[in-house]
Each structure stands twice: as C-alpha cells, then as structure tokens.
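J.: Quick one: structure below, then a few questions.
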Amino acid sequence: MTPPARPTGIVRTAAAGYTWCLRALVYGLAAVSGAGVLVIMLVTCTDVMLRTKWVNRPFIGAYDIVKIAGTLSLATWPLTAVV
C-alpha cells in the first residue's frame with residue numbers, strides 16, 4: 001500500500017495561507033485578551049492606591065473600565081484556547 005500523495009501547487013499554497021491567517025488571528029486575539037487583563041490589573045491597583053487615607057481620591061470610572069476590559073478579555077480568550 002502506498003502512502004497518500006502530498007498536496008502540491010495551488011492546494012499547498014492555499015493551505016499555507018490559511019494556516020498563516022489562522023495563526024495570525026489567534027495571536028492577535030491572544031494579545032487583545034492579555035491587554036484586557038493587564039488593563040484590569042492596572043486600573044484595580046491604581047484605584048486601590050488612590051483610595052488610601054492620604055490621597056482619598058478614587059479612580060472615577062474604574063468599575064466601568066474594568067467591566068469593559070473584562071468583557072473584552074472573556075470574549076476573545078476562548079477563541080485562543082481552541083488552537
């Protein structure tokens with residue numbers, strides 16, 4: 001029994017292009033998800049530091065920023081875990 005033939009020509013080029021596009025999409029979504037988590041950490045730490053008794057000036061809109069960043073991170077994370 002002979003092994004199956006490897007794709008050549010246009011089929012091989014199309015498969016390589018598809019793989020490259022999919023990999024770029026996954027890395028891009030992973031970067032967006034990671035940036036969202038980083039924003040959550042930075043805003044939370046800043047808000048906690050600004051709420052100390054010496055400064056006593058909370059970060060206005062911190063809850064909304066964390067909510068948006070969390071939604072963005074949770075929306076893109078499952079797509080990066082598949083591949």
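J.: Distance in nm between label sites at R51 and A35, each 7 Å beyond Cα in the beta-carbon direction?
T.: Taking the two extended label points, one gets 2.7 nm.
J.: If you place +1 on the Cβ of every Lys and Arg and -1 on the Cβ of every Asp and Glu, how big does the dipole about the Cα centre of the chain come out, in debye to the nearest 20?
T.: Details: 7 positive and 2 negative charges, 22 e Å.
Using only the charged Cβ atoms, the result is roughly 100 debye.
J.: With each run of n ≥ 4 DSSP H residues scored as -39500 (n - 2.57), what mean residue ellipticity at 222 nm is computed for the chain after dividing by its residue count and rounding to the nearest 500 deg cm²/dmol?
T.: -27000 deg cm²/dmol
J.: With springs only between Cα atoms under 10 Å apart, run a GNM on the chain and tell me which of A14, A31, A62 wobbles the most.
T.: A14
Throughout, read-outs are computed from the coordinates displayed, never taken from laboratory work. Keep in mind the model is a prediction, meaning the values are calculated, not measured. In this analysis, Cβ positions are derived from the backbone assuming ideal geometry, glycine residues included, and neighbour counts consider all displayed protein chains.
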